[in-house]
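Every number in this text was worked out from the coordinates using simple rules, so none of it is lab data. Since this is a predicted model, take the numbers as computed values, not measurements. Here the Cβ is made from the backbone with ideal geometry for all residues, glycine too, and neighbour counts use every protein chain on show.
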C-alpha cells in the first residue's frame, strides 16, 4: 500500500458502509479468516480485511477505485467463516453500490458491464439466462473469441440453454425492481 495522504482522508464512508451493509466494521479483528476462505483473494489487489482497514482509515477514493470490490463474487465464504459474523460480502456489495452512485473510476469496467447484463436478464425473465447474458456481454465488449472454448464446454455439459426459462409470477419480479428503483 502507498503512503497515506492525511489531507484526503474521508471517514464518512465508515457510516455509509455500516448503514448499507448493516455490519459494524469495528467487529473485524483482521484475523485474515475472510481472505483465507476467499476463492479469489489471490487475484485481488487488497485482501478483504485490508478493504475494511482502508475504510476505517478514511481512504474512500482508494477503496472505491480498487479491483477487490469488483472481483468479489459474493459467495459468502468470508462472511460464513468470520468469527465475529462480519458480513464481508455485504460490505463489498455496499462498496460497489457506492462506487456506482458516486461515479467512481471502476477498476474492472468489464465486470460492471457483465453485472448489468445479469441484472437485465433477471429483470426480463425473472432469472438469469446465461446464454443471452454471455452473448450480450461479448457483443458489448467486442470480445467474441477469447473464451469460446469455455462456451462450448458449458454447452456440452448443458450449462447453457439456448432459450430462457421464465418465472411464472413475473409481476413479483417487476415489483422487486420497481421497489429497488424507488430506494436508489
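Observations
- The length gained by stretching the chain between residue 157 and residue 65 to full extension, at 0.36 nm per residue less their Cα-Cα distance, is 29.4 nm.
- A Förster radius of 22 Å combined with the Cβ-Cβ distance from residue 31 to residue 76 puts the calculated FRET efficiency at roughly 0.80.
- Theoretical FRET efficiency, 1/(1+(r/R0)^6), r = Cβ-Cβ of residue 19 and residue 102, R0 25 Å, to 0.05: 0.95
- Between residue 176 and residue 12, the contour length at 0.36 nm per residue exceeds the alpha carbon distance by 56.1 nm.
- Taking 1.306 mPa s as the viscosity and 10 °C as the temperature, the Stokes-Einstein diffusion coefficient of the range 109-183 based on its alpha-carbon Kirkwood radius rounds to 118 µm²/s.
- Helix axis angle, 12-21 relative to the chain longest principal axis, alpha carbon, degrees: 40 degrees
- Figure legend: label point modelled 7 angstrom from the Cα of residue 40 along Cα→Cβ; residues of the range 124-138 with amide N under 20 Å from it are 128-138.
- Largest GNM mean-square fluctuation among 148, 40, 100, using the chain with Cα springs under 10 Å: 148.
- When the chain is treated as a Gaussian network with alpha carbon springs shorter than 10 Å, the biggest mean-square fluctuation among 61, 132, 161 belongs to 161.
- Which label in (i) 0.95; (ii) 1.23; (iii) 1.00 gives the computed Rg/Rh (Cα atoms, Kirkwood Rh): (iii)
- 222 nm mean residue ellipticity, helices alone, for the chain (DSSP H n ≥ 4; -39,500 (n - 2.57); rounded to 500): -16500 deg cm²/dmol
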